[in-house]
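The values are calculated or read from the model by the stated rules, or taken from the named source; none is laboratory data. Worth saying up front: this structure is predicted, and the values here are computed from it rather than measured. Glycine also receives a Cβ, built like all others from the backbone with ideal geometry; neighbour counts cover every protein chain displayed. The protein model used for the area step is the full one, side chains on, heavy atoms only, and it has no ligands, DNA or RNA in it. Shrake-Rupley method; radii C 1.70, N 1.55, O 1.52, S 1.80 Å.
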Amino acid sequence: MRCLAESTSLVDFSSNDYLGFARNESLFSKTFQLLLKHNISENGATGSRLLTGNHILFQELESLLAQTHNVENALVFNSGYDANIGFFGCVPQRGDFVFYDELIHASIRDGLQLSHAKSYKFGHNSLKDLKEKIKKTISDNGDSDVYVVTESVFSMDGDSPDLKQLASFCISEGYHLIVDEAHAVGVMGKQGLGLVQELGLEKALFARIVTFGKALGTQGAAILGSNALRDYLINFSRSFIYTTALPPHDIVGILSSYEFLAVEGGAQRDQLFENISYFKGQAKKQKWSGNLIGSDSAIQSVIIPGNEKVRNISKKLRDDGFDVKAILSPTVPEGKERMRFCLHSFNSKEEIGLVLQLLSKYI
């Protein structure tokens, strides 16, 4: 049974606010000033974007996203979940094939459930297994399209696939590569624009999903791709068509976050990666270091098999003032239950050191 957690003043090792943007007073002030500049007084969007909700700032944001992420066009959705079910529910057609990493996010799996295409999972970050699954499954493409789906940073393990190899393979075979960058945007890459751009793979992808509710500290998501893809989604993506649009002040918040990321985000990213390095260094000194999943991202997970055990450790840490979430099966496979640490630019080394000492004590 799941239950809703109450807001607390615990030390945060759980949220996706990797750079502290969601709680940044300077960014809040910039957003407020931008609301005044645009003379925005509406509280809501009043309808879907196809009816009355297509505020003029959507055009400004989508143009910014296309330019910033070096892509032809962009379409904003209300959340990463809406973007994924909207894309996968309508783009792959009957007779098409979708191959997805076995650890792909639930929103993509749910989108595939809405699709008429056949979908198959392949071993985590395994190009070899992907090739074998395709060979066993497809004898002749004919008129079928093949889609390959992965994430640039995985939400539970915090690791990344070899995107260059994956892109090269898809290009050589004429397959469509789709990458979800939810946990990379804001954090990974020199400007925090994600691993796809860091590797120069923008043109190699069919579509890219970026979200704003994690490192950017706001709300919403966008699908990046061609003009034709945008037009198709506007006409056929049900999670876009049949929902009230984001209110104008949310759009202003996203615009402010991108400006803040470009101007002041470097210092926060530097501090975050310093904290990641410190966490990994301290973790290696612990007896349980072999249970730490290797990751260079803000997500650091320690495998502690057994729902009851990992839940009890989470409760003890909470009683000590630290919010570290226990990830239970079936969210992760049985035997892969874990304590999932989300590191932030605002975590202190003292906090990191103490929580690891307590974890060692309770393990």
For the chain, modelled as a GNM with alpha-carbon contacts under 10 angstrom, which of G220, G53, G186 fluctuates the most? G53
So which aspartates and glutamates pass the test for K336, namely a Cα distance under 13 Å, with those fewer than 8 places away in the same chain ruled out? D157, E308
Roughly speaking, what is the stretch gain from R311 to T331, that is 0.36 nm per residue apart minus the C-alpha to C-alpha distance, in nm to one decimal? 5.9 nm
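Taking the Cα centre of the chain as origin, work out the dipole magnitude from +1 charges on Lys and Arg Cβ and -1 charges on Asp and Glu Cβ, in debye rounded to 20. Could the numbers behind the result be given before it?
Working: 37 positive and 42 negative charges, 199 e Å.
About 960 debye.
Which length gain, in nm to one decimal place, applies between Q113 and Q67 when the Cα-Cα distance is subtracted from 0.36 nm times their residue separation? It would help to have the intermediate numbers written out before the result.
Details: separation 46, 0.36 × 46 = 16.56 nm, distance 3.26 nm.
Length difference between fully extended and current span is 13.3 nm.
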Selected from T46, T211, T31 as most flexible by GNM, with the chain as the system and alpha-carbon contacts under 10 Å: T46
Anyone know which of S297, S256, S63 comes out most mobile in the 10 Å Cα GNM of the chain? S63
Take the alpha-carbon centre of the stretch 311-363, take the same for the stretch 231-278, and report the distance between them in whole Å. 27
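Under a 1.4 Å probe, what is the accessible area of the stretch 13-153 per residue, stated in Å²? Don't skip to the answer; put the middle values down first.
Numbers: 7120 Å² over 141 residues.
Averaged over the residues of the stretch 13-153, the accessible area is 51 Å².
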Vicinal HN-Hα couplings computed from phi for the stretch 108-123 (Karplus, 6.51 cos²θ - 1.76 cosθ + 1.60; Hz; Gly/Pro x): 6, 4, 5, x, 5, 5, 8, 8, 8, 6, 8, 10, 9, 8, 10, x
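Restrict the search to the stretch 157-260; then list the trypsin sites (Lys or Arg not before Pro) that DSSP places in a loop and that have at most 14 other Cβ atoms within 10 Å of their Cβ.
On the way: sites: K164, K190, K203, R208, K214, R230, R238; in loops: K190, K214.
Within the stretch 157-260, the qualifying trypsin sites (Lys or Arg not before Pro) (loop, at most 14 other Cβ atoms within 10 Å) are K190.
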For the chain, taking Cα atoms only, what is the radius of gyration to one decimal and the Dmax to the nearest whole Å? 20.8, 60
Rounded percent of accessible protein surface that carbon and sulfur make up, the chain, 1.4 Å probe: 49
Could you tell me which of Q271, P305, I251 has its Cα farthest along the dipole of the stretch 249-363 towards the positive end, charges placed at Cβ (Lys, Arg +1; Asp, Glu -1), taken about the Cα centre? P305
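Per-residue counts of other Cβ atoms within 10 Å, averaged by peptide: what ranking do you get for 77-83, 67-73, highest first?
Numbers: 77-83: 22.4, 67-73: 16.6.
So the peptides 77-83, 67-73, ranked by packing, come out 77-83, 67-73.
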So who's got an amide H within less than 5 Å of the one on V148, skipping anything under 5 residues away but keeping other chains? H placed 1.01 Å off N, in plane. F99, H176, L177, I178
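Can you give the percent of C-alpha pairs in the stretch 168-236 whose distance is more than 15 Å?
Values: 1337 of 2346 pairs.
It works out to 57 percent of all Cα pairs.
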Which of F58, L354, T8 sits farthest toward the positive end of the charge dipole of the chain, with +1 on the Cβ of Lys and Arg and -1 on the Cβ of Asp and Glu? L354
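Add +1 for every Lys or Arg and -1 for every Asp or Glu among the other residues with Cβ under 14 Å from the Cβ of G217, and state the total.
Working: positive: R23, K30, K214, R269; negative: D12, D17, E25, D250, E259, E264.
Net local charge, G217 excluded: -2.
As a test of the formula, what do you get for the chain when each DSSP H run with n ≥ 4 contributes -39,500 (n - 2.57) and the sum is divided by the residue count, at 222 nm and rounded to the nearest 500 deg cm²/dmol?
Taking each H run of at least 4 residues, the total per residue is -12500 deg cm²/dmol.
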Would you mind checking K164/K349; K128/K287; K315/K349 for any pair whose Cα atoms are more than 30 angstrom apart? K164/K349; K128/K287
